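Below: the structure, in C-alpha cells.
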Amino acid sequence: MMALALTAQNFRTATQALMPRGAVWPRDEDAVQTAALDALAPTYERSTAAANALLVDAFPSTAVNLLPEWESTLGLPDPVIGEGDLISQRQAQVVARLTARGGNMSMGFYIRYAATLGYAITITRFAPFRVGRDAVGQPLYDVAWASAWQINAPQVTLSYFAVGDAVGEPLASWGTNILQFELQRVAPAHTTLIFSYS
C-alpha cells in the first residue's frame, strides 16, 4: 500500500475544515487567514513527504536517503574498494551483509551470497590426487588444494540503470571488485578462493 501524497492544498482545506464557524474565521480566497494557512501548508507537505520517504528508507533494499546510515552501520563502504558505482549495487551489498549469517562452509552459501550481490557464479572444488582412484592424466593436486575453491564468474558483469534508480547514476557499470571483496570477507580462514572469469 502506497503512502498518501498530500499536497499543500490538502492541508489548507483540512485546516480550514477544522476551524470554528463564524465571521472571525473566514474561508475566502483573499482572506488574511487563508494567506497564513497557505504559508504554513507547504511545511506540512514537506513533512509528510519526508515521512513517506522514511518508509522507503526503512528497508535497505530500497533505501536512498538513509543508505549511508545503513552502510556505516555495516562498515561500508570499504576503504579498499570504495562505494559501488550504482545505488542498486550499494543497496545489494547492504542486503547481502545483513542476510549473510551462518552456513559459509557450503558452496550453496557462496552462490546465494553472490546472487544477492547481483552476480551469477558457480564453484569448482579440488581434491588431492589419489593413486588408484584418479584417472591417468588428472592434475596432481596436493592436500592444500582441498581447501581451495574456484569461483567461476562472467568476465564482465554489467549493471544497468533501471527505472527508479537515482538521478545522476551511470547508465551502466561493470566489474567484480565487490564480488571478490565480499566473498573473501566471508570465507573461512582456511579456505583459499581462486577467481576465474570466462
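Numbers below:
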| quantity | calculated |
| --- | --- |
| Label zone at residue 31 (point 7 Å along Cα-to-Cβ), backbone N below 11 Å, the stretch 2-18 | 16-18 |
| Packing-based exposure ordering (other Cβ within 10 Å, fewest first) of 38, 30, 57 | 30, 38, 57 |
| Separation in nanometres of the label points that stand 7 Å from Cα toward Cβ, at residue 101 and residue 131 | 5.0 |
| Diffusion coefficient, µm² s⁻¹, Stokes-Einstein with Kirkwood Rh over alpha-carbon pairs of the stretch 8-57 at 10 °C and 1.306 mPa s | 134 |
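Where a number appears in this text, it was derived from the coordinates with a stated rule and is not lab data. None of the values given here were measured: they were computed from a predicted structure. Note: ideal-geometry Cβ built from the backbone for every residue, glycine included; neighbour counts use all protein chains shown.
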